[in-house]
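Worksheet: the structure to be examined is printed underneath.
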Number of protein chains: 4
Amino acid sequence: MIVIFKPHTTAEKIDQFSRWVQAQGLQAHLSRGENTTLMGLVGDTTQLDLEQIQSLSIVERVQRIQEPYKKANRKFHPQDTVVTVPAKGGDILIGAGHFTLIAGPCSVESERQITEVARRVGAAGAKVLRGGAFKPRTSPYAFQGMGADGLQLLGMAKQDTGMPIISEVMDKSQLPLFENVDIIQVGARNMQNFELLKEVGRQRKPVLLKRGLSSTIEEWLMSAEYIMAGGNDQVILCERGIRTFETATRNTLDISAIPILKQKTHLPVLVDPSHAAGIPWLIEPLSRAAVAAGADGLIIEVHDCPEKALCDGAQSLTPDQFEQIASGLRPFISLMGRKFS
Amino acid sequence: MIVIFKPHTTAEKIDQFSRWVQAQGLQAHLSRGENTTLMGLVGDTTQLDLEQIQSLSIVERVQRIQEPYKKANRKFHPQDTVVTVPAKGGDILIGAGHFTLIAGPCSVESERQITEVARRVGAAGAKVLRGGAFKPRTSPYAFQGMGADGLQLLGMAKQDTGMPIISEVMDKSQLPLFENVDIIQVGARNMQNFELLKEVGRQRKPVLLKRGLSSTIEEWLMSAEYIMAGGNDQVILCERGIRTFETATRNTLDISAIPILKQKTHLPVLVDPSHAAGIPWLIEPLSRAAVAAGADGLIIEVHDCPEKALCDGAQSLTPDQFEQIASGLRPFISLMGRKFS
Amino acid sequence: MIVIFKPHTTAEKIDQFSRWVQAQGLQAHLSRGENTTLMGLVGDTTQLDLEQIQSLSIVERVQRIQEPYKKANRKFHPQDTVVTVPAKGGDILIGAGHFTLIAGPCSVESERQITEVARRVGAAGAKVLRGGAFKPRTSPYAFQGMGADGLQLLGMAKQDTGMPIISEVMDKSQLPLFENVDIIQVGARNMQNFELLKEVGRQRKPVLLKRGLSSTIEEWLMSAEYIMAGGNDQVILCERGIRTFETATRNTLDISAIPILKQKTHLPVLVDPSHAAGIPWLIEPLSRAAVAAGADGLIIEVHDCPEKALCDGAQSLTPDQFEQIASGLRPFISLMGRKFS
Amino acid sequence: MIVIFKPHTTAEKIDQFSRWVQAQGLQAHLSRGENTTLMGLVGDTTQLDLEQIQSLSIVERVQRIQEPYKKANRKFHPQDTVVTVPAKGGDILIGAGHFTLIAGPCSVESERQITEVARRVGAAGAKVLRGGAFKPRTSPYAFQGMGADGLQLLGMAKQDTGMPIISEVMDKSQLPLFENVDIIQVGARNMQNFELLKEVGRQRKPVLLKRGLSSTIEEWLMSAEYIMAGGNDQVILCERGIRTFETATRNTLDISAIPILKQKTHLPVLVDPSHAAGIPWLIEPLSRAAVAAGADGLIIEVHDCPEKALCDGAQSLTPDQFEQIASGLRPFISLMGRKFS
């Protein structure tokens, strides 16, 4: 951490600050220039409150040198994390050379629908079934999902097909309903719902953490750090597009986030092309781009009859289209050297 | 709502869609151009799912004409809403010609601190005392606030000074602790925590709803609509800066949001210049600008000793500075024709 | 174009407006709802000034239905445009199934440097040589490029290697110096330098038009339209990243822009991964992603000794690294069915 | 400037870098931590190429400590710059305690129009007349302004009323036509047209430099530095809104930019509320906010008959409305202690 002092700060005040720094167990390296005096704080500065220091009347600016996350930081954990999802036919591994397809409808609607979709996407190569039971909707007047009943139907499809299931939790009070859910999804709008993060950090099952609509990669990793700080290191990151000025797509898929994350963290990185674009025909090219950029998997919305979907159908593919896309992705996945069976 | 059909859509399919529209109790006005065919959907379209329609294979694009919010919409409620906060010395009114100062420390730290700050800001013109008990912090390693104890200390300051209090809730499970809190604050990161919005919608006390870091004004009003749909119409909106590419300030205060909101909604609009800027010396000019743009009040962080603050102190003013700012604002408030005593 | 009238607009005023619309050779379709009255303007509305109509006192909002570009619009020119660059060994074709690599140093520095780089990138598969002579630099104190001398050195490398050359023009007064340059590059900062666009529209050679840092895809296509309206239809679009809040990369590569452009326009689309990321090791994954998303080619900075580069060296690769990347891209290009020899 | 080295960089390489730094006339202060080694570069680092250093294989990151602008920097020129515009009735001063209103039509259309508007806005308190002759239009099919004829009409209005005039230049080749124009305006889209900046830097008359749509404040000051580096220190900055995700306004007026600029630079700061909002009724509240935030003046579009305007009329006010706004601003200007007659 670098502290830049305001011009004309007295040597005495800097000295006093230096003593405080040392009392925190850090070293203080002073550097005096013609126009600027600054101090390097050396040691473990993750516990320091950057904003508190910024507030001091002698301080002009503070710059962090080290990343504020530790458990999620590849520097301290060079090995890739592998997330393990128990399944009937053998554990499903996410990360570390595997490529994982997750697919299913935006909202669970009926037993017939979810089971049928599960069979179809499973046959096409999906290893995990997604399905929304609690739906975050911008409007209070829109369909909010089937809730507990939806989770139960998901459970039936799991029973039928042997596929592990993933569903989104919107509030920590819903977690008891997720006992049979294999991967807990934290949505973009809840990426900084810190109470929820703490609670899923106490769980002992994988968590898929979507990136917030306007979250920096560093903030996203800090949210993963919240979960890991609670003792749960089975965290999967999922890029789903960020908010920009461009209106041709609903969000802008930040494709660079994939290689950046691969360098900064050891956690697996998935991409959600359905929500990134908001346009069904963009799912295919964005999926290919995600594979080519190094993603560990994809999570795609598939619906058996998009024209009747109760919600978010705009982003959905039919099972036939999904099959075609999955099949088209295979050679790319293979070129990237990923295991995908 | 305008539906633009894809080129070469058959008359039969458009007809079928038209019948569905009419079955929803709406009128369908078709308009055929050389290059484009479109349909105007006339009637109450707030219940329609724009994305569902967008997903239809015959649809190129859908454009909303009417706002999707009703209870928050000035068109249907032309009169300004006045939020009433009970207080010892008589109700405090927010909105409708009154100008309200809310002030207090970022975090409650001790009885002495909160009571002292309360007295000072009250003397300078603040009518409501703010104080953080549950703190949303980017890092799991940062101080997370005093929690229930903090709320209790706030209650003591209320008892001592007669000032109503406002504090931020981070999860619906914390609401029972807020019984003695007069205004419930929903923070920027929870603006789309829909479960929390539904729950504060069931409360019968004022809610201050901050704008999300990257929320459009329309999304913000939809979140207010969530609260109001629950039966709680005592909603105060609070602009606190949005996320942009500019790095000279922590956020970019969207000053235009004030007059825009005044036209679109009847709810009172406050501004938080402390968080918008993240720089203490910007609080004064931004406060003046907010007054001049038509804000109904300000919420400002004030700390008795920013150099010792445990958190967010960077944005805080001393009570002396606050007094000076409040006094400098008076003539501007008066020019704007607002009641401020 | 849809015109939404303000509430309580009199029938007489709407009638008057309707007559004006018809005088412009358009049809006016009126649609009266309970809360909203609107009019569809049918016909060729590209000549209409949306903002002029927006300014009318009776108008609440105007929404365009048709794209405002014509010559660049795939609707009216379904066939892919092929840009032809004459070269010693036979024309080089850009677009329409070909994949084109363009490479070379950020700045031309010396005959030895540019010739050496040309040979190396040519051997690795690049078909066109890039080199900066006029450099847009944020600081007036930074090296501004070799100017005319740089173009001459580029010409020597062209002579030596037979590779066509591309270089950036910064002002229309420089165009006479570009006689020997095969593709004129218009940089991101000049994407809306309309005088320059008009002038390159009068040229009869290919123009590579980079996307502005904060330009929407529609604005970008309107800038292409400026060039095409001048009679020059040899326009290549080049995505190079947009400005967002994310600071981990210099810009955010908008990967979705590639398929979106492929649908909206018939012009070839290239990607510049060097400027998009600003980080050399990101060039490889972003290049792969661009290929997989459907780009018609790449323009990459390559320098023989990045550690001595006079400018922008941060983004450069060595010829060895470029060779490795180009070779790694081949199977992806081939999977995409593109011709690349 | 702080240089952070990659982990495991050898002492020898750091030593070599240190010698290079010293050869540039700078001091190098090394600081070795457990996880990070960094070097402070002390001295005048404005001539250093940050990106060149960033490109070195041993460097992880570079952070600037000092601002890269000198002539525009308040640190080196604490006194406010006063821009002087010669006028019949005595010099008009911009900055340093004066408040200056500039007004006039978006586009010059006729002698009658411009002279009439000039008289009306002059009577209402405007000191300088604006009028567009060369218009930057997104569409090649839109009216591009009257060009040289427009400047001549502006000159007539100047002759008639004695008001100095300001108009936008779009290309350096147009500058000879601006001899009679008193303030040269560089528009948002040309803020980084560096050839144009250099050329207006060679002029000896005031330049009004608008902020680019997505330019940071630092980039904006670097563009001012371009003009000042050419020897022209009569630069006026004009905030006109930045591009964000919000769609309720055309741009987001960055009100914080005013106090930030006042601290960082000695140049006068004006605000253009017409283009910031794109909505006529927002001009009044945004003008008040700009005054209250400390602006040195405003530039406002006024048209005698907006319903007939050929371009950009959407943002225009009638002279009557302008008079009313100007009169409403007086007490705010006076509260801010500005001279305005």
Among residues of region A:191-226 being more than 8 Å from chain B (Cβ to nearest Cβ) and in contact (Cβ under 8 Å) with a residue 40 or more places away in the chain, the residue surrounded by the fewest Cβ atoms within 10 Å (Cβ to Cβ) is A:Glu218
inquiry  = Being within 14 Å of chain D (Cβ to nearest Cβ), buried (at least 19 other Cβ atoms within 10 Å of the Cβ), in contact with a strand residue (DSSP E or B) (Cβ under 7 Å, 6 or more places away or on another chain) and β-branched (Val, Ile, Thr): is that true of A:Ile102 here?
reply    = no
Is it the case that region B:130-138 has a residue that's more than 14 Å from chain A (Cβ to nearest Cβ) and not in a loop (DSSP other than H, G, I, E, B)?
-> yes
Only unsatisfied item for A:Gly131, checking (1) under 18 Å from A:Asp272 (Cβ atoms); (2) not assigned by TED's automatic domain parsing to the domain that holds A:Asn232, is (2)
Filtering region A:106-125 down to residues that are hydroxyl-bearing (Ser, Thr, Tyr) and within 15 Å of A:Leu317 (Cα to Cα) yields A:Ser107
Exactly one of D:Asp44, D:Asp80, D:Asp91 is surrounded by fewer than 18 Cβ atoms within 10 Å (Cβ to Cβ), under 18 Å from the mean Cα position of the chain (by Cα) and acidic (Asp, Glu), and that one is D:Asp80
Output for Cβ contacts, cut-off 7 Å, separation at least six or different chains, first residue within 14 Å of another protein chain (Cβ to nearest Cβ) and more than 11 Å from B:Lys205 (Cβ to Cβ) in region B:162-190, second in a strand (DSSP E or B) and open to solvent by 20 Å² or more (accessible area, probe 1.4 Å), reads B:Gly187/B:Glu168
Checklist entry - Can we say C:Asp254 is assigned by TED's automatic domain parsing to the domain that holds C:Ala290 and either basic (Lys, Arg) or surrounded by 22 or more Cβ atoms within 10 Å (Cβ to Cβ) (or both)? => result yes
Among residues of region D:22-59 being more than 8 Å from every other protein chain (Cβ to nearest Cβ) and of a type in the set (S, T, N, Q), the residue nearest to A:Phe76 (Cα to Cα) is D:Thr37
With criteria (1) at pLDDT 95 or above; (2) not in a strand (DSSP E or B), C:Ile299 comes up short on (2)
Of those in region D:307-325 that are open to solvent by 20 Å² or more (accessible area, probe 1.4 Å) and either assigned to a helix (DSSP H, G or I) or at pLDDT 60 or above (or both), the residue farthest from the other protein chains (Cβ to nearest Cβ) is D:Glu323
Note: among C:Glu12, C:Glu67, C:Glu51, C:Glu60, just one is closer than 25 Å to D:His303 by Cα and either of a type in the set (Val, Ile, Thr) or within 33 Å of the chain's Cα centre (by Cα) (or both), namely C:Glu51
| task | Kindly indicate whether any position in region D:268-279 is at pLDDT below 95, crowded, with 24+ Cβ neighbours inside 10 Å, touching a helix residue (DSSP H, G or I) at 6+ places or on another chain (Cβ under 9 Å) and polar (S, T, N, Q). | result | yes
Note on region C:233-248: residues open to solvent by 10 Å² or more (accessible area, probe 1.4 Å) and either more than 7 Å from every other protein chain (Cβ to nearest Cβ) or in a strand (DSSP E or B) (or both) are C:Asp233, C:Gln234, C:Arg240
Scanning region D:265-286 residue by residue, those within 9 Å of chain B (Cβ to nearest Cβ) and either in a loop (DSSP other than H, G, I, E, B) or over 14 Å from the mean Cα position of the chain (by Cα) (or both) turn out to be D:Ala277, D:Ile279, D:Trp281, D:Leu282, D:Glu284, D:Pro285, D:Leu286
Residue hits (region A:266-282; more than 27 Å from A:Asp80 (Cα to Cα) and among the aliphatic types (A, V, I, L, M)) are A:Ala277, A:Ile279, A:Leu282
Listed by first then second residue, the pairs whose first member lies in region B:138-150 and is on the phi < 0 side of the Ramachandran plot, whose partner is among the β-branched types (Val, Ile, Thr) and in a helix (DSSP H, G or I), with beta carbons under 6 Å and at least 6 positions apart or on separate chains, are none
Residue in region C:239-251 that is within 27 Å of C:Asp91 (Cβ to Cβ), assigned by TED's automatic domain parsing to the domain that holds C:Ala103 and of a type in the set (Gly, Ala, Ser) present
no
Filter region C:158-178 for residues that are within 18 Å of C:Asp91 (Cα to Cα) and of a type outside the set (Ser, Thr, Tyr); the one that is surrounded by the most Cβ atoms within 10 Å (Cβ to Cβ) is C:Met163
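The values are calculated or read from the model by the stated rules, or taken from the named source; none is laboratory data. Computed from a predicted model, the values in this text were never measured in an experiment. As a convention, Cβ positions derive from the backbone with ideal geometry for all residues, glycine included, and neighbour counts pool all protein chains shown. For accessibility, only protein heavy atoms count, side chains too; no ligands or nucleic acids. Shrake-Rupley method; radii C 1.70, N 1.55, O 1.52, S 1.80 Å.
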